[in-house]
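What follows is a set of notes on a single structure, which appears directly below.
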Amino acid sequence: MRGSITEPPAPQRAEHHQLPDFCSGTVIFALLVTAGITVTVMWLAPNNSHGWRGYSVGMLFAVWLALVIGLALCKLRPLLQRLPGNASYGGVWLVMVLIVGGGSAMVYWMDQAMQMALLTDTAGDFVLNNIAIAALLGAAMLRYFYLLAQWQTRLAAVSKAQVAALQARIRPHFLFNSMNTVAALVRVDPDAAERTVEDLSELFRAALGEHSTQDGTLGEEVTLVDRYLAIEQLRLGPRLRVHREWDELPLAFPLPRLLLQPLVENAVRHGIQPLREGGDVILRGWRERDGVIIEIDNPRGGEPSQGGHGHGLGSVRQRVAYRYGPRAEVLAGPMGDRFVVRLQLPEQAGSIDARIDR
C-alpha cells in the first residue's frame, strides 16, 4: 500500500501595495506643504536665531529638495514598485533620505565656496540634522500613503463585492412572473414569447455572466433597461407607461455594470405595482459640459416596503463614489407625488463621441 505524499504548503507571498503616483499634483503638493510647514515650525522655535533672511533661504532650500525628491520618485517609481512586499516603501524612504543628505552636502559646499556665510553649523551637523528630519518626516508621510493605499484597496474590494452581489441577484418574483408571462404567450403570441425569452436571457447574461466588474457603457445599460421594461410591460400592460427623454446621451460613456437597471426595477416595483391604476416611469438624461445627468422618475406608490429604495440607493451611491470620485453625486427623494433619483456623473478623460437620441 502506497503512502500518500503531502506536498508542503507553498509560502505565502508578501502582501504588495501600490506606491502612490509621485507624478501627480496631489503628491507634489503634499511634499511642498510638508517642506514649508517644517521650515516654518523650525523658524518659530524659541531658540531660533535666524531672521527673515534665514527663513527665506531655508524655505527656498526645502522647496528645492521637495521638488527634487518628487521628480526622482516620479522617475524611479516603476523600478521601486518591483521590490517585493513593502520593501518598495523602504526604497522610497531611502531615496528621500539620500537626496536630502546629498543636497545638504552640496548646499553646504556652495555656501562655503561662495563665502555667503548663511550656514553657521559644521558640515557634519548640518547634513546629519537634515537627514534626521527627512527620515522622520519621510517615514510619517509614507505611513500616511500606506494607510491610504490600504483604505483604497478595501474600498475597491467592497465595491467589487457589491457588484458581484448585484450580478448574482435575480429577484425570484421577477423570474417567476417572467416565466409565467412567457408560458401565457407561447400559444397566444409566439413572437412576443420569443422576444421575452431573448430579453430575459440578456438580463441573465448581464446579471450572472462571468461576474465581470469592469465598466460597461451607457449604451449597454440603456439597452439592458429597455429589455427589462419590455418584460415588465408585457406583465403589467397599460398600468406601466414609460417615457424616455434622452437628450443626445453619449453611448460610450463609461458606466459600472448594472447601475441603472436596479434603480429602474425599484421604480417599477415601488412606484407602479402598488398602484391599481399604474403610472408613468420617466427616464431622463442629458449631457452637461462636465458630465452626464440621469434621472429616474416614478410615482410614489405609498410608503416604501422594507428593503425598498434605501438599500439599493446606498449600494449605488458607494459604487458611484468609488468609480467617479467626489465630483459625482446621487440624489434621491420625493418631489410632490413623485420619487426622483438623480445621478450626476462627471465625464472622464478619453470618452465619447457616440450619442443616443430617443
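Some values worked out for this structure:
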read-out	value
Nitroxide proxy distance, nm - points 7 Å out along Cα→Cβ at L44 and R82	4.5
Pairwise FRET efficiency - E220 versus E194, Cβ, R0 = 35 Å, nearest 0.05	0.95
Karplus (6.51, -1.76, 1.60) ³J(HN,Hα), θ = phi - 60°, over the stretch 71-87, in Hz, Gly and Pro reported as x	5, 5, 5, 4, 6, 8, 4, x, 6, 5, 5, 6, 5, x, x, 8, 5
Label-point gap, in nm, between A252 and R323 - each point 7 angstrom along Cα→Cβ	1.8
Rounded FRET efficiency, nearest 0.05, which uses the C-beta distance separating R338 from M59 and R0 of 56 Å	0.45
Cα-projected label distance for C23 with H243, points at 7 Å along beta-carbon direction, nm	4.9
Cβ-Cβ FRET estimate between L147 and M179, R0 fixed at 35 Å, reported to 0.05	0.10
Karplus 3J(HN,Hα) series, Hz, for the stretch 267-283 with 6.51 cos²θ - 1.76 cosθ + 1.60 (x for Gly, Pro)	4, 6, 5, 9, x, 9, 4, x, 9, 4, 7, x, x, 9, 9, 10, 9
Placed amide H near R257: partners under 5 Å, 5+ positions off or other chain	G216
Kirkwood Rh and Cα Rg combined as Rg over Rh, evaluated for the stretch 25-165	1.09
By average C-beta atoms within 10 angstrom, highest first, the peptides 322-333, 192-203, 91-102	91-102, 192-203, 322-333
Order by protection proxy (mean Cβ within 10 Å, highest first), peptides 233-245, 253-265	253-265, 233-245
Net length gained if the chain between N129 and R276 were fully extended (0.36 nm per residue, minus Cα distance)	45.0 nm
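FYI, it's all coordinate maths here, none of it is from the lab. Remember, predicted model here, so these are calculated numbers, not experimental data. Note: ideal-geometry Cβ built from the backbone for every residue, glycine included; neighbour counts use all protein chains shown.
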